Amino acid sequence: MIPMVAFGRDEAVYMIAAGPKGETVAEAVRSKAALGIETHALKYMHGDWLWWNDDALGLRLVSPALFAAGKLAALSPEQSGLNKALAGIVGSQKNGLDGTRFGYTLAELGALIENGIDVICNPSPGGQYWALRSGHNTSQRVAVQSDAYTRLTNYLARSLEGTLGQYVGSVINDTLFGNIRASILGFLSALLSQGILGENGGRLPYAVVCDSTNNPLQRVATGYVQADVQVQYQGINEKFIINLQGGASVSVSTASGSV
């Protein structure tokens, strides 16, 4: 997996790996710890392989990495794989083919998620369907452990690289600074209109600086141009808290028009 991590970081690709067939929760935790993998560039799927009904070859046991990769490839880059229904799965090693086996306990799911390991299982938070249960990469840092962080960061990096390459070789002056800034702002504005980025409190989720303040003459003279771009991502609802009070002694006060 170490070469996969290096490739993912260098090429801005979200790498997805899976444990061996029949891997237990304890084995998955030990294996990941032994490898020392903790990075946003790699997603590790627990080795609970999935039964898939192939039209040509019948039932086949398939790596969960394939289903995770397929679902993520079909999603917009700001999305996490968490709780997105997966089609074509008819069972797993843990659940069996007929669904009579008990799946994962909360303790087992907690052990996997706390150690940066994702898993495909049924049921999911939204009901009786197969889905990813954490939507995390292998990082233990809360700010970067979501699928969405890795995918959107890679998307932005590759898109900006492709868009701004046109300015390499241009004469450095205020016109160039303005053109670069306009290109980046136009790209980010398009992402906002598509819902890939979102406003928070009515404020734009991005800012761009490309002028003489971050491009001093001494540096420009050596052929460098710098654009400083800040982008605020949208969070993912991973922990939904509902506060419930119930009982005959509960005093209920409702605002006008509320139910």
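Every read-out reported here was derived from the displayed coordinates using simple, explicitly stated rules and does not represent laboratory data. Since we're looking at a predicted model, the values are computed, not measured. Every residue, glycine among them, receives a Cβ derived from its backbone with ideal geometry; neighbour counts consider all protein chains shown.
Treat each spin label as a single point 7 Å out from the Cα along the C-beta direction, and report the GLN166 to VAL229 distance in nm.
Here the modelled spin labels are 1.4 nm apart.
If R0 is 41 Å, what FRET efficiency do you get for SER189 and PHE240 from their C-beta distance, rounded to 0.05?
Efficiency at R0 = 41 Å is approximately 0.85.
Quick one: longest stretch of the chain between exposed loop chymotrypsin sites (Phe, Trp or Tyr not before Pro), exposed meaning at most 10 other C-beta atoms within 10 Å and loop per DSSP?
Maximal segment without exposed cleavage sites: 103-239.
Which helices pass in the chain if a helix is a full DSSP H run, must span at least 27 angstrom along its long axis by Cα, and must have mean Kyte-Doolittle hydropathy not below 1.0?
Long hydrophobic helices here: none detected.
So what does the Cα-only Debye profile of the chain read at q = 0.14, 0.15, 0.17 Å⁻¹, as log10 I(q)/I(0), no solvent term?
Evaluating at q = 0.14, 0.15, 0.17 Å⁻¹ gives log10 I(q)/I(0) of -1.00, -1.08, -1.24.
Counting trypsin sites (Lys or Arg not before Pro) as exposed when in a DSSP loop with at most 12 other beta carbons within 10 Å, what is the longest stretch of the chain free of them?
Excluding the exposed sites themselves, the longest stretch runs over 142-238.
Which value, in debye to the nearest 20, describes the size of the charge dipole of region 2-140 about its Cα centre when Lys and Arg Cβ atoms bear +1, Asp and Glu Cβ atoms bear -1, and nothing else is charged?
Value, rounded to 20: 120 debye.
Lysine pairs in the chain 8 or more apart or on different chains: how many have alpha carbons under 19 angstrom apart?
Total qualifying Lys-Lys pairs in the chain comes to 8.
Out of LEU50, TYR104, PHE67, whose Cα points farthest toward the positive end of the dipole of the chain (charges: +1 Lys, Arg; -1 Asp, Glu; placed on Cβ)?
Positive-most Cα among the choices belongs to TYR104.
Projecting each Cα onto the charge dipole of the chain (Lys/Arg +1, Asp/Glu -1 at the beta carbon, about the Cα centre), which of ASN154, ALA182, ASN200 comes out farthest on the positive side?
So the residue furthest toward the plus end is ASN200.
Kindly work out what percent of the DSSP beta bridges joining two residues of the chain are antiparallel, to the nearest 5.
The answer is about 75 percent antiparallel.
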